[in-house]
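Data block below; observations after.
What follows draws every value from the coordinates through simple rules; no lab data is involved. It should be emphasised that the depicted structure is a prediction, and the values quoted were computed from it without experimental measurement. All Cβ positions, even for glycine, are placed from backbone atoms using ideal geometry, and neighbour counts span all protein chains on display.
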Amino acid sequence: MSKTPVVEMRKINKGFPGVKALIDVDFEVKVNEIVGLVGENGAGKSTLMKVLIGLYKLDSGEVMLRGKRARITDPREAAKMGVGMVFQEGCLLPNLTVAENLFLCQEHMFRSRGLLSMRKVVEEAERQLARVKLEVNPKEYVRDLSQACRQMVEIVRLLWLSSISGLENPVLILDEPTTVLISDEIERLFTILRQLKKETSIIFISHRLEEVVELSDRVVILKDGKNMAELNRSEAQIRKIQKLMVGHELAEEYYKESEQNAPGEIKVIEIKDLEKRGKFSPLSFTVQKGEIVSLVGVLGSGKEEVCRCICGVMKADDGKILVDGNEITINSPKDAIKAGIGYIPSDRRDEGLALQMDVMSNITLIVLKEMIRGGLLQIRKEREEASHWVKNCRIKTPSLKTLCNNLSGGNQQKIVLAKWLAAKVKVLILDHPTRGVDVGAKEEIYKRIRILASEGMAIILMSDTLEEDIGLCNRMLVMKDGNITGEVVCPAKNKPAPVDIISYMV
């Protein structure tokens, strides 16, 4: 095995207006190694990787690939040098087939006398897919694939691009690859990555530290754009990594259980015989003032559809919804907002934010009409409102005019939360609110959820983990096959164990 690192990044500096994203960062990847790259949102992980693949031009420093200085100008050039990145949001074209996506912009390799041979395209696609044991029809459209399959198609494309360049030991960068995967898909992905390690090097970015520790040979930790620490597999312990990431020992009381209050007696929202045929049977429940109610269940239990019907993303077939005792009709998200119901979706980038708009515009989006006088928008009032919530929610942004697309995932999530707080909703539905955010941002989100409940907001919660649901909620409704199969009270000083809940779920 070569002792020369396949990637060496030395004294990397990168800045944007108002912020230094990377400060003298050193990073290397050895041959046939899986490196975990972790840090809080805004620590510089994604910026460093975008420098490596040529999306960002570094201000100073140098990049070495296989012992030679490299000048990478764009992702296409990076792929020719054997470095490719699978982004969290994906880069495939959904209206093209698997085969067409695999060989996009390389179709000339399958031409004969000026004509494209689809037979050769499909045959080569089958060979490449077999490398990772992916049983997918090359003629199938990407839009019809699961997220797990889409990720594997992107990995196959990167491996193929490296192979046609004649390069050994390509480098795969995986940015939060497990965020939208279920447990079986994660296990399969990890099995494939361990096999690929024999011929590639892998950079694994994830906020799920248990996965980083399980998969990585070495863990590199960034904080505030600087190198914080580097741990070998034997040293990499979750608690140690957490402390290095956030700069302090995480509180024992991670879910702020001592701040959990008993709910009030007033029913804020009542669900009566709500039904969506094929998704969930008629069901009823209430959420009191200041109460956090978790809906839990496995994939397909119906909990997501229940929440989408309440917030108007999906229309229920039957049943009633009452807010403050008044029956309301919800046919669209606009109806739900008018009734005082807010919804923070799990997919903040596509559903929760206008990414190409700035921070201020996103925060005030729902309440903009309230700031218009005489047909003119009161810019000063809008700025004051946005500034209040940026400070209140501890959003890290260079300015109110910074595009949301340029902020970290954790700060994007805080902006979504700020938007609904500005709208002063009575009911807030949280759909996996900590998905894709680091441990420090999670602590802040947990604290904010507790504050909202103490102020009387009714909260319906669906979390990434059963432990998070148990830790945060006052009461839990367990769903299975579209029905509520159990109701569990979760008082602050007497929380149930996960095993007590699972029996209702399976």
By Cβ neighbour count within 10 Å, fewest first, 432, 388, 108 rank 108, 388, 432
Using modelled amide H (1.01 Å from N, peptide plane; none on Pro or chain starts), what sits under 5 Å from the amide H of residue 21, excluding residues fewer than 5 places away? 14, 15, 16
Which of the lysines could a cross-linker span from residue 139 if the Cα-Cα distance has to be under 25 Å and same-chain partners fewer than 8 positions apart are dropped? 120
Report Rg(Cα)/(2.2 N^0.38 Å) for the chain, keeping two decimals. 1.04
To the nearest 10 degrees, how steep is helix 409-422 against the longest Cα principal axis of the chain, on a 0 to 90 scale? 20
Rg and Dmax of segment 353-424 over Cα atoms: what are they, in angstrom? 11.4, 37
Cα-based helix-to-principal-axis angle, 379-392 vs the chain, degrees rounded to 10: 80
How far apart, in nm, are the 7 Å Cα→Cβ label points at residue 106 and residue 493? 6.4
Convex hull per residue volume in Å³, alpha carbons only, for segment 7-245: 131
Cross-link table 133/303; 133/414; 320/480; 401/424; 334/414; 315/447, entries beyond 30 Å C-alpha to C-alpha: 133/303; 133/414; 315/447
Within the set of other residues whose C-beta is less than 13 Å from the C-beta of residue 373, count the net charge using Lys and Arg as +1 and Asp and Glu as -1. +1
Cut-off 12 Å between beta-carbons: net charge of the residues surrounding residue 142, Lys and Arg +1, Asp and Glu -1: 0
For residue 289, give me every one of the aspartates and glutamates with a C-alpha distance below 12 angstrom, ignoring sequence neighbours fewer than eight places off in its own chain. 265, 270, 324, 455
Might you report the magnitude of the Cβ-based charge dipole of the chain about its Cα centre, with Lys and Arg at +1 and Asp and Glu at -1, to the nearest 20 debye? 1540
How large is Rg over Rh for segment 100-163, taking Rg from the Cα atoms and Rh as the Kirkwood inverse mean of 1/r across Cα pairs? 0.96
For the chain, the longest principal axis of the Cα atoms and the Cα long axis of helix 118-131 enclose an angle in degrees, to the nearest 10, of 80
Given 16 as the ceiling on other Cβ atoms within 10 Å, longest exposed-site-free region of the chain for GluC sites (Glu not before Pro) in DSSP loops: 266-454
Quote the relative contact order of the chain in percent (integer), defining contacts as alpha-carbon pairs under 8 Å separated by 6+ residues. 15
What list do you get for 238, 271 if you sort them by fewest beta carbons within 10 Å? 238, 271
Zone residues, segment 24-56, relative to residue 405, backbone N less than 15 Å from point 7 Å out along Cα-to-Cβ: 55-56
Loop trypsin sites (Lys or Arg not before Pro), segment 297-331, which have at most 13 other Cβ atoms in a 10 Å radius of their Cβ (DSSP): 315
Principal axis extents for segment 259-320, Cα atoms only, whole Å, descending order, please. 38, 25, 18
Taking the alpha-carbon distance from residue 11 and a cut-off under 20 Å, which lysines remain once sequence neighbours fewer than 8 residues away in the same chain are dropped? 20, 30, 45, 50, 57, 68, 223, 226
Using +1 on the beta carbon of Lys and Arg, -1 on that of Asp and Glu, and nothing else charged, what's the dipole of segment 115-194 about the Cα centre, debye to 20? 300
